[in-house]
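Participant: Dumping the structure here so I can ask a few things about it.
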Amino acid sequence: LELTRRGYQILGKAIREARDDHEKPEDKMEAMWVAYWNFAFSHKEFYQLMYGVDMVCCTVKNSMQEAEQVSAMLGDVIESLFTKKPVSDDDICMKYYTYWSIIHGLISINLVRPNGRTTDELNQQILKDAIKGITLSINS
(Lines give C-alpha, C1' and ligand atoms only; values in the text may rest on other atoms or scores of the structure.)
Protein backbone atom coordinates (compact mmCIF):
# COMPACT_ATOMS: atom_id res chain seq x y z
CA LEU A 1 0.00 0.00 0.00
CA GLU A 2 2.89 2.40 0.73
CA LEU A 3 4.28 1.98 -2.80
CA THR A 4 0.85 2.78 -4.21
CA ARG A 5 0.66 5.85 -1.96
CA ARG A 6 4.10 6.99 -3.18
CA GLY A 7 2.99 6.58 -6.79
CA TYR A 8 -0.05 8.77 -6.17
CA GLN A 9 2.15 11.39 -4.54
CA ILE A 10 4.38 11.55 -7.62
CA LEU A 11 1.39 11.57 -9.97
CA GLY A 12 -0.40 14.22 -7.92
CA LYS A 13 2.63 16.51 -8.03
CA ALA A 14 2.92 16.14 -11.82
CA ILE A 15 -0.79 16.80 -12.37
CA ARG A 16 -0.79 19.80 -10.01
CA GLU A 17 2.19 21.35 -11.81
CA ALA A 18 0.58 20.76 -15.21
CA ARG A 19 -2.68 22.34 -14.01
CA ASP A 20 -0.95 25.34 -12.51
CA ASP A 21 0.99 26.08 -15.71
CA HIS A 22 -2.19 26.99 -17.61
CA GLU A 23 -5.06 29.47 -17.34
CA LYS A 24 -7.83 28.14 -19.59
CA PRO A 25 -9.70 25.05 -18.34
CA GLU A 26 -9.30 23.34 -21.73
CA ASP A 27 -5.53 23.82 -21.58
CA LYS A 28 -5.43 22.67 -17.95
CA MET A 29 -7.36 19.51 -18.84
CA GLU A 30 -5.07 18.59 -21.70
CA ALA A 31 -1.91 19.32 -19.71
CA MET A 32 -3.13 17.29 -16.73
CA TRP A 33 -3.95 14.21 -18.82
CA VAL A 34 -0.67 14.52 -20.73
CA ALA A 35 1.10 14.61 -17.33
CA TYR A 36 -0.86 11.47 -16.38
CA TRP A 37 0.29 9.84 -19.65
CA ASN A 38 3.90 10.86 -19.07
CA PHE A 39 3.77 9.50 -15.51
CA ALA A 40 2.51 6.15 -16.80
CA PHE A 41 5.53 5.72 -19.04
CA SER A 42 8.20 7.26 -16.83
CA HIS A 43 6.98 5.29 -13.78
CA LYS A 44 5.66 2.09 -15.39
CA GLU A 45 5.93 -0.04 -12.28
CA PHE A 46 4.08 2.49 -10.13
CA TYR A 47 1.39 2.89 -12.79
CA GLN A 48 0.82 -0.84 -13.08
CA LEU A 49 0.66 -1.17 -9.31
CA MET A 50 -1.72 1.79 -8.94
CA TYR A 51 -4.04 0.96 -11.82
CA GLY A 52 -4.01 -2.81 -11.97
CA VAL A 53 -7.45 -4.40 -12.24
CA ASP A 54 -7.93 -4.72 -8.50
CA MET A 55 -6.65 -1.21 -7.73
CA VAL A 56 -9.18 0.84 -9.70
CA CYS A 57 -12.09 0.12 -7.41
CA CYS A 58 -13.65 2.90 -5.37
CA THR A 59 -12.67 1.36 -2.04
CA VAL A 60 -8.97 1.80 -2.81
CA LYS A 61 -9.49 5.36 -4.04
CA ASN A 62 -11.61 6.25 -1.02
CA SER A 63 -9.16 4.68 1.44
CA MET A 64 -6.11 6.56 0.18
CA GLN A 65 -5.98 10.34 0.43
CA GLU A 66 -3.34 10.62 -2.30
CA ALA A 67 -5.55 8.77 -4.80
CA GLU A 68 -8.51 10.96 -3.89
CA GLN A 69 -6.42 14.13 -4.36
CA VAL A 70 -5.55 13.14 -7.94
CA SER A 71 -9.22 12.50 -8.73
CA ALA A 72 -10.28 15.74 -7.04
CA MET A 73 -7.81 17.86 -9.04
CA LEU A 74 -9.05 16.38 -12.30
CA GLY A 75 -12.68 16.65 -11.16
CA ASP A 76 -12.31 20.34 -10.29
CA VAL A 77 -11.03 21.17 -13.76
CA ILE A 78 -13.70 18.99 -15.38
CA GLU A 79 -16.34 20.91 -13.43
CA SER A 80 -14.90 24.21 -14.66
CA LEU A 81 -15.33 23.06 -18.27
CA PHE A 82 -19.13 22.94 -17.94
CA THR A 83 -20.86 26.15 -19.01
CA LYS A 84 -24.19 25.19 -17.42
CA LYS A 85 -24.07 25.47 -13.62
CA PRO A 86 -24.53 23.90 -11.17
CA VAL A 87 -22.85 20.70 -12.31
CA SER A 88 -24.00 17.45 -10.74
CA ASP A 89 -21.49 15.05 -9.20
CA ASP A 90 -22.83 12.40 -11.59
CA ASP A 91 -21.93 14.54 -14.63
CA ILE A 92 -18.43 15.19 -13.29
CA CYS A 93 -17.97 11.50 -12.48
CA MET A 94 -19.19 10.43 -15.92
CA LYS A 95 -16.73 12.72 -17.71
CA TYR A 96 -13.88 11.77 -15.36
CA TYR A 97 -14.38 8.09 -16.15
CA THR A 98 -14.76 8.87 -19.86
CA TYR A 99 -11.37 10.62 -19.88
CA TRP A 100 -9.79 7.99 -17.66
CA SER A 101 -11.06 4.97 -19.58
CA ILE A 102 -9.84 6.28 -22.94
CA ILE A 103 -6.45 7.39 -21.62
CA HIS A 104 -5.92 4.28 -19.50
CA GLY A 105 -6.80 2.16 -22.54
CA LEU A 106 -4.21 3.94 -24.69
CA ILE A 107 -1.60 3.59 -21.96
CA SER A 108 -2.37 -0.11 -21.49
CA ILE A 109 -2.05 -0.80 -25.21
CA ASN A 110 1.33 0.91 -25.26
CA LEU A 111 2.58 -0.78 -22.09
CA VAL A 112 1.70 -4.20 -23.49
CA ARG A 113 2.93 -3.44 -27.01
CA PRO A 114 5.69 -0.87 -26.55
CA ASN A 115 7.02 -1.42 -30.07
CA GLY A 116 3.63 -1.63 -31.73
CA ARG A 117 2.54 -0.07 -34.99
CA THR A 118 2.37 3.50 -33.70
CA THR A 119 5.13 6.02 -33.11
CA ASP A 120 5.41 8.23 -30.04
CA GLU A 121 4.35 11.17 -32.19
CA LEU A 122 1.23 9.35 -33.38
CA ASN A 123 0.43 8.28 -29.81
CA GLN A 124 0.62 11.91 -28.68
CA GLN A 125 -1.72 12.93 -31.51
CA ILE A 126 -4.19 10.18 -30.56
CA LEU A 127 -3.98 11.17 -26.89
CA LYS A 128 -4.58 14.87 -27.53
CA ASP A 129 -7.33 14.16 -30.05
CA ALA A 130 -9.12 11.97 -27.50
CA ILE A 131 -8.78 14.63 -24.77
CA LYS A 132 -10.07 17.37 -27.07
CA GLY A 133 -12.97 15.21 -28.25
CA ILE A 134 -14.12 14.50 -24.71
CA THR A 135 -13.65 18.14 -23.71
CA LEU A 136 -15.75 19.32 -26.67
CA SER A 137 -18.50 16.83 -25.78
CA ILE A 138 -18.98 18.35 -22.33
CA ASN A 139 -21.15 21.25 -23.49
CA SER A 140 -22.63 19.74 -26.64
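Participant: Check Tyr96 against each of (1) in a helix (DSSP H, G or I); (2) modelled with pLDDT of 95 or more and name the one condition it does not meet.
Facilitator: (2)
Participant: Go through (1) part of a helix (DSSP H, G or I); (2) modelled with pLDDT of 95 or more one by one and return the number of the condition His22 breaks.
Facilitator: Result: His22 fails condition (1) only.
Participant: Of Ile103, Ile107, Ile131, which residue is more than 23 Å from Lys24 (Cβ to Cβ) and at pLDDT 90 or above? If you could, list the steps in order and put the result at the bottom.
Facilitator: Numbers: Ile103 fails: more than 23 Å from Lys24 (Cβ to Cβ); Ile131 fails: more than 23 Å from Lys24 (Cβ to Cβ).
Checking each option against the conditions leaves just Ile107.
Participant: Shifting gears a bit: If the requirement is being out of contact with any helix residue (DSSP H, G or I) (no Cβ under 9 Å at 6 or more places or on another chain), among the polar types (S, T, N, Q) and within 17 Å of Val34 (Cβ to Cβ), which of these qualifies: Thr98, Thr119, Thr135, Thr83? Can you show your working first?
Facilitator: On the way: Thr98 fails: out of contact with any helix residue (DSSP H, G or I) (no Cβ under 9 Å at 6 or more places or on another chain); Thr135 fails: out of contact with any helix residue (DSSP H, G or I) (no Cβ under 9 Å at 6 or more places or on another chain); Thr83 fails: within 17 Å of Val34 (Cβ to Cβ).
When all the criteria are applied, what remains is Thr119.
Participant: Any idea which residue in segment 70-126 is nearest to the chain's Cα centre (by Cα), counting only those that are among the acidic types (Asp, Glu) and more than 21 Å from Gln48 (Cα to Cα)?
Facilitator: Start the filter on segment 70-126 by keeping residues that are among the acidic types (Asp, Glu), which leaves 76, 79, 89-91, 120-121.
Narrowing the set further to residues that are more than 21 Å from Gln48 (Cα to Cα) leaves 76, 79, 89-91, 121.
Details: Asp76: 13, Glu79: 14, Asp89: 17, Asp90: 17, Asp91: 16, Glu121: 19 Å.
Top of the filtered list is Asp76.
Participant: Just wondering, is there one or more residues in segment 29-44 that are over 26 Å from Ile138 (Cα atoms), part of a helix (DSSP H, G or I), at pLDDT below 95 and of a type outside the set (A, V, I, L, M)?
Facilitator: To start, the set of residues in segment 29-44 that are over 26 Å from Ile138 (Cα atoms) comprises 41-44.
Now restrict to residues that are part of a helix (DSSP H, G or I): 41-42, 44.
Now restrict to residues that are at pLDDT below 95: 41, 44.
Of the ones still in play, those that are also of a type outside the set (A, V, I, L, M) are 41, 44.
So far as segment 29-44 goes, yes, one or more of its residues are over 26 Å from Ile138 (Cα atoms), part of a helix (DSSP H, G or I), at pLDDT below 95 and of a type outside the set (A, V, I, L, M).
Participant: Turning to a different aspect of this structure: Pairs please, first residue from segment 1-17 and within 24 Å of Glu30 (Cα to Cα), second anywhere and surrounded by fewer than 15 Cβ atoms within 10 Å (Cβ to Cβ) and of a type in the set (D, E, K, R), Cβ atoms under 9 Å, 6+ apart in sequence or on different chains.
Facilitator: Here the result reads Gly7/Glu45, each pair linking segment 1-17 to a residue that is surrounded by fewer than 15 Cβ atoms within 10 Å (Cβ to Cβ) and of a type in the set (D, E, K, R).
Participant: Since Lys132 meets every condition but one in (1) exposed (fewer than 10 other Cβ atoms within 10 Å of the Cβ); (2) touching a residue at least 40 places away in the same chain (Cβ under 8 Å), which condition does it not meet?
Facilitator: Of the numbered conditions (1) exposed (fewer than 10 other Cβ atoms within 10 Å of the Cβ); (2) touching a residue at least 40 places away in the same chain (Cβ under 8 Å), the odd one out for Lys132 is (1).
Participant: Could you tell me whether Leu81 is modelled with pLDDT under 95 and surrounded by 14 or more Cβ atoms within 10 Å (Cβ to Cβ)? Can you show your working first?
Facilitator: Numbers: modelled with pLDDT under 95: no; surrounded by 14 or more Cβ atoms within 10 Å (Cβ to Cβ): yes.
Taking the combined requirement at face value, the residue does not satisfy it.
Participant: Here's a follow-up. Every residue in segment 108-140 that is assigned to a loop (DSSP other than H, G, I, E, B) and of a type in the set (A, V, I, L, M), please.
Facilitator: Keep residues of segment 108-140 that are assigned to a loop (DSSP other than H, G, I, E, B), which gives 113-119, 138-140.
Ile138, the sole residue that qualifies.
Participant: Which condition does Met64 not pass, out of (1) surrounded by fewer than 17 Cβ atoms within 10 Å (Cβ to Cβ); (2) closer than 23 Å to Gln9 by Cβ; (3) at pLDDT below 90, if it passes all the others?
Facilitator: Condition not satisfied by Met64: (1).
The values are calculated or read from the model by the stated rules, or taken from the named source; none is laboratory data. Since this is a predicted model, take the numbers as computed values, not measurements. So basically every Cβ, Gly included, is an ideal-geometry build from the backbone, and we count neighbours across all protein chains shown.
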